[in-house]
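Worksheet: one structure, shown below.
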Amino acid sequence: MSETASTASGIAGRYALAVFDLVKEAKGVKALEADVAALGAALNDSADFRALISSPVYSREEQGAAIAAIAAKMKLSDVLAKTLGLLAANRRLFVLPQLLSSLTAMIADEKGEVTADVTAAAALTTAQSKKLAASLKASVGKDVNLNVSVDESLIGGLIVKVGSKMIDTSIRSKLASLQNAMKEVG
């Protein structure tokens, strides 16, 4: 992991823990979950929003005003809106993606859930997703939310990441291991 990514992750983790503790104390975890999802969707959908949080061209005041307007328009909770304002004032809006990721993980942990990142060669059907989630739940012992992405270069199969565990059943990795075995023989 690069030093910058590690620093951003550390900063985001501290802010996320503070926000989560305040919200949990006020029994507003469900509202925070909705706010995090909405903010994440806005960040994914808007190139301007991503530029706002990462560009050094914008001053603290400009970032603060823009983030306050976004928070008001999205009707974000007071704690989250103030945290975003603090991030802007401290020139740390660049950690917003990591902050949202940390908050999502904390909320899932609070609910007794775990998220599995699944990369498939083709889009999974609803039945396949349910079967995979049930299989992972039996293995992990918690409810599993699937974060599915498609990578056609896998040729077939899946790559499943749950926490620090990774299961790679893709045809691409099997072909690569076969190719390595052939090199050793020849």
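For the peptides 178-184, 133-139, 29-35, the ranking by mean Cβ contacts within 10 Å, running from highest to lowest, is 29-35, 133-139, 178-184. With a simple spin-label model that places each label point 7 Å from the Cα along the Cα-to-Cβ direction, the separation between residue 38 and residue 68 comes to 1.9 nm. The value obtained for region 81-164, namely the Cα convex hull volume divided by the number of residues, is 129 Å³ per residue. Each peptide among 147-153, 168-174 gets the average number of other Cβ atoms lying within 10 Å of its residues, and from highest to lowest they stand as 168-174, 147-153.
The residue 137 and residue 25 beta-carbon pair, evaluated with R₀ = 22 Å, returns a calculated FRET efficiency of approximately 0.15. Take region 12-111 with all the other protein chains still there, run a 1.4 Å probe, and you get 55 Å² of accessible area per residue. Could you tell me which label, among [x] 43; [y] 67; [z] 48, carries the value of percent of Cα pairs over 25 Å apart calculated for this structure? Among [x] 43; [y] 67; [z] 48, the one derived from this structure is [z]. Protein heavy-atom surface of region 77-184, 1.4 angstrom probe: 55% of the accessible area is carbon and sulfur, with nucleic acids and ligands not counted. Label-to-label distance, residue 9 versus residue 91, with points set 7 angstrom from Cα along the beta-carbon direction: 2.5 nm.
Helical runs assigned H by DSSP (4 residues or longer) give the chain a calculated mean residue ellipticity at 222 nm of -21000 deg cm²/dmol, each run adding -39500 (n - 2.57) before division by the residue total.
Its relative contact order, with pairs defined as Cα atoms under 8 Å and 6+ residues apart, puts the chain at 19 percent.
Taking packing as the residue-averaged number of other Cβ atoms within 10 angstrom, the listed peptides 66-72, 22-28 run from highest to lowest as 66-72, 22-28.
With a Förster radius of 35 Å applied to the C-beta separation of residue 46 and residue 177, the computed FRET efficiency comes to 0.25. What percent do you get for the relative contact order of region 58-133 when only Cα pairs under 8 Å and 6+ apart count? After rounding, I find 24 percent.
The values are calculated or read from the model by the stated rules, or taken from the named source; none is laboratory data. Keep in mind it's a predicted model, so treat the numbers as computed, not measured. Positions of Cβ are backbone-derived with ideal geometry, glycine not excepted, and every protein chain shown enters the neighbour counts. What goes into the accessible areas is simple: the full protein's heavy atoms, side chains included, and nothing from ligands, DNA or RNA. Shrake-Rupley method; radii C 1.70, N 1.55, O 1.52, S 1.80 Å.
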